[in-house]
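The structure appears below as structure tokens.
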Amino acid sequence: MPRRLLSSTAARLVAAIFVLQLVVMTIAILLLRSQMLQVIEGDRARQIADLRDDLVTAYYDGGREGLARQLAERRGALADPLVFAAVTGGPGAAPPVLVNLARLPGLGPTDRPVALPVVREGHVQPTDGVALATEMSDGSRLVVGTLTAPDRSFDLAFAEAFTLTLVLTIVMSLAGALGIGWVISRRTHAIAETAAALASGDFAARVRSEDTADGFDHLSRQINLMAERIDALVTELKSISGALAHDLRSPVARLRAAIDTATEAAPDGPAGEALALARADAEALETMLTGALDLARVESGALHDRRVRLDLGEVAADLVELYEPLAEQAGKELTVTGGPAFALADRELISRALANLIDNALKYGGNRIAVSVGVAEPDLILAVADDGPGIAAQDRPRVVERFTRLDHSRGAPGTGLGLAMVTAVARLHGGVLELSDAGESPGGRGGKMGGGLVARLRLPSCA
């Protein structure tokens, strides 16, 4: 069950929504970080440029001495411990002036801030920084920059914020995706349950509308309209079926009675033989008419729901006991295997379907017929196998159609409705009829004949 749930459309939809929300949120956070870093870098570049311009102004106002005095006072931006500056070279090889630096950074003149390692005042290990270098008119060089150590703090803070945001995003995205998936699953299951009720013959079933004017409501309205139309057609079919049964059975019964009267009055000879054949044809016509009407009622679902928790093993044992005298009379071996297997089924219809399969095996199968009841999760298998000629793979889709009889079976009595009835009963119970060669997997495509036929009636299990 968990594997089927995870592979369901609703689960895939929930996963897709969750992944999409997560990806969008991650991209948004990374774009935000990129924008913030650009703002920080822009502010840092402006800070360095403004400090350089102030120091250059001090140089032009008071020369190198004025610049050195400005640096020594450490006023304004120079009071920031993260800002550093240096003046080196100049007339008479004056000693360098360092602010917040332990030694001069090796940097040539630049137009924009450049990243470089800086050894701060009172430290030994270098620290990352960015700086501008400007060549002065007397040959001295002014270096102005700032440390980028706060960037690491920003990265750590951003990592914590990103982790928290990501956790909240995962929780909210998953909750939202599960909520959307639950709504979609609930409404689709409601529609599916109504469709299943209609398929089982409950034409009063309707999908409840929630008046949301969305696609689900539109689909619900169309299904309800379809159900009303089907209900009307089935009611009409019931009426026509009853009238047809009454109108046709009565003439056939009168025909058979007339044949019986004529048989009693007719002398022995060709006339008596002809009347006997006519009576057999009348009986076959009556049987075919009854079978066709029953099949129409089953296929249309025009039957009351008489499904109960039914033991298929018990049904199989009862029918084998019923058919054993016929099998012995025909010189055939009929066996049954399997234990209790419960399904929600109509006993009369299931018994009729199994009887049709056994009857076909007695007519067209070999000398051994085996009825078995088994479990193939999540379904139950009611199977009838024989060692006869079987049915070719290309004929199996056709043989379950009504009034279809294969060439080798036309000489045997029958109406061609047996397997069609079994198929209709299986469909009414939410199952399927599978035909295969003996030893072949269900639904196989083997085309060899002579291996015997296995007819499997697969029905949903009822725990």
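The values are calculated or read from the model by the stated rules, or taken from the named source; none is laboratory data. Given the structure is predicted, the values throughout are model-derived calculations rather than measurements. Ideal geometry is used to build each Cβ from the backbone, glycine not excepted, and the neighbour counts take in all protein chains shown. All accessible areas refer to the heavy atoms of the entire protein, side chains included, with ligands and DNA or RNA removed. Shrake-Rupley method; radii C 1.70, N 1.55, O 1.52, S 1.80 Å.
Below, the figures for the structure above:
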read-out: More than 24 angstrom apart: percent of Cα pairs within the stretch 103-206; value: 62 percent
read-out: Contact order relative to length of the stretch 48-168, as percent, for alpha carbon pairs under 8 angstrom and 6 or more apart; value: 22 percent
read-out: Distance in nm between pseudo-label sites at VAL114 and VAL171 (7 Å out along the Cβ direction from Cα); value: 4.9 nm
read-out: R0 of 51 Å, Cβ-Cβ distance GLU377-THR127: FRET efficiency to nearest 0.05; value: 0.15
read-out: Length-normalised contact order for the stretch 338-393 - Cα pairs under 8 Å, 6+ apart - percent; value: 35 percent
read-out: Highest average packing first - 26-37, 173-184, Cβ atoms within 10 Å; value: 173-184, 26-37
read-out: Per residue value of the accessible surface for the stretch 53-195 (all protein chains in place, 1.4 Å probe), Å²; value: 55 Å²
read-out: Pair-distance profile P(r), taking every C-alpha pair of the stretch 159-235, with 5 angstrom steps and integer %; value: 3, 15, 18, 15, 11, 8, 7, 6, 6, 4, 3, 2, 1, 0
read-out: Accessible area of the stretch 52-196 belonging to carbon and sulfur atoms, whole % at 1.4 Å probe; value: 61 percent
read-out: Low-density loop positions, chymotrypsin sites (Phe, Trp or Tyr not before Pro), the stretch 55-141 - DSSP coil, at most 15 other Cβ in 10 Å; value: none
read-out: Loop-located trypsin sites (Lys or Arg not before Pro) in the stretch 39-129, at most 13 other Cβ atoms within 10 Å (DSSP); value: ARG75, ARG103
read-out: Rg/Rg_ref, the stretch 53-144, where Rg_ref = 2.2 N^0.38 Å and atoms are Cα; value: 1.01
